[in-house]
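Only one structure is covered here, and it is reproduced in the block below.
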Amino acid sequence: MPAHRGFDLLRPVLIVAACLIAAPALASPPPAPAPGIGRIADLSAQRLLLADRVAASKRASGKPVEDVQRESEQLAKVREQAASRALPPERAATFFQAQMEANKLVQYRLLAEPARAGQPVDLGPVRDKLDAINKELLDALPAALTEASGERCEQRAFDAQKRAAKRYRLDELHRTALARAFGDLCRVP
């Protein structure tokens, strides 16, 4: 038997072995972002993806996007939780106001396009997820504020948003809302 024929018989085995060796590296999730601005970008993206469900629920219920009472309650809760984390309460509230405005941006846009609004859902579990993300955002905010006070904050924020958009496969609407979710993080002392 010629030497190359033996290789031809081994070729499928080598291909399978190479795939088995490479598969774990390809299947592993992307590394978690560093604390600070990267973590804020990731959590903000997760929060914005929930806006789709909120919009669907509001379409089904006929409720308006604006819910001033709920927003006021949430901001009061943020101020209280910020104080217990040694965060300036108003700075935390300003950040979360930007998060809410970004979420409403998504809702308004989805409600303007009926085909994109999605199926109605129970808001209870969605609000539970939002509350959990809000707590994580509050925990990540001190490191983000420290990082924001440094040089090149806008570039780091832009890069973090770009990575989060890719990681969560955000469309143009959600990428725009992600930029809005950052508000004036890099501009407010």
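Computed with a 1.4 Å probe on the full set of protein chains, the accessible area for Tyr108 sits at about 110 Å².
Convex hull volume of the Cα atoms of the stretch 93-189, normalised per residue: 107 Å³. In this simple spin-label model, placing a label point 7 Å from the Cα along the Cα-to-Cβ direction at both Asp67 and Glu113 gives a separation of 2.4 nm. Among residues other than Gln81 with Cβ under 15 Å from its Cβ, the summed charge is -1 (Lys and Arg +1, Asp and Glu -1). Taking the Cβ of Arg169 as the center, what net charge do the other residues with Cβ under 14 Å away carry, scoring Lys and Arg +1 and Asp and Glu -1? Around Arg169, the surrounding residues sum to +1. Take the Cα of Asp171, step 7 Å toward its Cβ, do the same at Glu101, and the gap between the two points is 2.4 nm.
Distance between the modelled labels on Arg163 and Ser149, one decimal in nanometres: 2.2 nm (7 Å Cα→Cβ projection). For the stretch 64-174, the tally of Lys pairs with Cα-Cα distances below 22 Å comes to 8, considering only residues 8 or more apart or on different chains.
The values are calculated or read from the model by the stated rules, or taken from the named source; none is laboratory data. The structure presented is a predicted model; accordingly, all values stated were derived computationally and were not measured. Please note: Cβ atoms are built from the backbone with ideal geometry, for glycine as well, and neighbour counts cover all protein chains shown. These area figures cover heavy atoms from the full protein model, side chains too; ligands, DNA and RNA do not enter into them. Shrake-Rupley method; radii C 1.70, N 1.55, O 1.52, S 1.80 Å.
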